[in-house]
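We did not get these values from a lab; they are worked out from the coordinates using the rules stated. This one's a predicted model, so the numbers in the text were calculated from it and none came from an experiment. All Cβ positions, glycine included, derive from the backbone under ideal geometry; neighbour counts span all protein chains shown.
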Amino acid sequence: MEQIDRAAIFLNLCLRNQVRREASLPLLDLKTEYSLAIAVAEAAQRRAIRQQYEPQVRAEILAEMRERYGPDWGNCWSGRLALGALMDKVFRERYGL
């Protein structure tokens, strides 16, 4: 997983505050904005990892559940809901996401 450039995020926030100061606008709360920006960057990384493995995990779960419950498992709304929950569980256990 690629490292988040925390310095670049902080620099961006400082530059935004400078522009806001020049425009006589209220300044950003750097601590809050920094925390939010880091959370957004981390979520983007998790999404990228999940997208990379999602087809494989989905196929594994569908194969197992269709073997157990029949070939139509996962085709109705409740099956898709269960599939999503099972995928979330696998991603938490296997990849820590």
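Per residue, the average separation of C-alpha pairs within less than 8 Å and at least 6 apart gives the chain a relative contact order of 22 percent.
Can you pull the Rg over Rh of the chain, Cα-only, Kirkwood? A ratio of 1.26.
Compared with the direct C-alpha span, the chain from Asp5 to Asp29 gains 6.7 nm at full extension, assuming 0.36 nm per residue. Extending 7 Å from the Cα toward the beta-carbon at both Ala85 and Arg21 defines two label points whose distance is 5.3 nm.
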